[in-house]
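The values are calculated or read from the model by the stated rules, or taken from the named source; none is laboratory data. Keep in mind that this is a model prediction, so the values were computed, not measured. Every residue, glycine among them, receives a Cβ derived from its backbone with ideal geometry; neighbour counts consider all protein chains shown. With ligands, DNA and RNA removed, areas are computed over all heavy atoms of the protein, side chains included. Shrake-Rupley method; radii C 1.70, N 1.55, O 1.52, S 1.80 Å.
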Amino acid sequence: MARRAVPPRRPRAYDRAVPTGSKRRAHPADRRTRRHTMLRMSSPMIAPSILSADFSRLGAEIEAVGGPDGADWVHVDVMDNHFVPNLTLGLPVVESLLRATTIPLDCHLMIDDPARWAPPYAEAGAYNVTFHAEASDDPVAVAKDIRAAGGKAGLAIKPGTAFDPYIEILKEFDTLLVMSVEPGFGGQSFIAEVLDKARAARRLVDSGELRLVVEIDGGINADTIEQAAAAGVDCFVAGSAVYNAADPAEALRKLRAQAAAVPRV
């Protein structure tokens, strides 16, 4: 079946040049950034994935992991049934979530054509917008558009994708998302072999060659988070381990404590 033609992209605020000397207009994500700017230097970050939450009450599910010692980011998986064989939610739902919470939204786009679809998530107010290296012919251009729209830019790599070819361009990114399962579905088993990528990224960050958050997504729970923490991961996406617990907020706190207790190697 032929794919439906995509309508022309509407002009967006960052398509227009900003006059020299003009002040930047406040971005919707600005109010979400203060608490989170330096967290990765002081404590592990936990980003509960709402893919494992109850979709009929997403606002309440996010509220359940909020609070002073709650979620650092909320991880939002966007799937288009093309790049991955699953369909979840899109920009209208993200816009609704942004009105319901001040926790920064970490949008993970498992979609085709991120050059077209990623910047609007940043424009809407998402704090971090991550797309897949495998889906883009020009990741740096996409990252620049995300940043111009007011968001942080993240690059995700699948378990089978090599890390080294992307080292140079990662200087244009704020986040590296190491996938520890195949993207597309929650509840998969952790692939420990990908931790070599996290270790390599951690060395580059510690040496000053890169300045970004090392994030991991897939199979993170009480049995695997310590391995990832030892590899130098800053931010841990946890879905089932948080939302399948009787007390999601307590499960989150326990995961953070586990990661914080692990020395990096």
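Points to keep in mind about this one:
- Whichever residue in the stretch 96-154 is farther than 22 Å from GLY59 by Cα and among the basic types (Lys, Arg) and, among such residues, is surrounded by the fewest Cβ atoms within 10 Å (Cβ to Cβ): ARG116
- Selection of the stretch 48-99 for residues being over 18 Å from the mean Cα position of the chain (by Cα), under 21 Å from ALA259 (Cβ atoms) and among the charged types (D, E, K, R) yields only ASP69.
- Considering the stretch 169-183, and only residues there that are surrounded by fewer than 16 Cβ atoms within 10 Å (Cβ to Cβ) and of a type outside the set (A, V, I, L, M, F, W, C), the residue that is nearest to ALA135 (Cα to Cα) turns out to be GLU182.
- Residue in the stretch 31-42 that is part of a loop (DSSP other than H, G, I, E, B), under 18 Å from ARG147 (Cα atoms), of a type in the set (Ser, Thr, Tyr) and at pLDDT below 95 present: yes
- Within the stretch 156-168, one or more residues are in contact with a Ser or Thr (Cβ under 9 Å, 6 or more places away or on another chain), at pLDDT 95 or above and open to solvent by 10 Å² or more (accessible area, probe 1.4 Å).
- Among helices (runs of 4 or more DSSP H) entirely within the stretch 171-252, having at least 2 residues that are under 18 Å from GLY70 (Cβ atoms) singles out 240-243.
- Residues of the stretch 220-265 that turn out to be aromatic (Phe, Trp, Tyr) and closer than 18 Å to LEU195 by Cα, as a count: 1
- Remark: pairs (first residue in the stretch 102-128, within 26 Å of ASP69 (Cα to Cα); second residue in a strand (DSSP E or B) and modelled with pLDDT under 95; Cβ separation under 7 Å; 6+ apart in sequence or on different chains) are absent.
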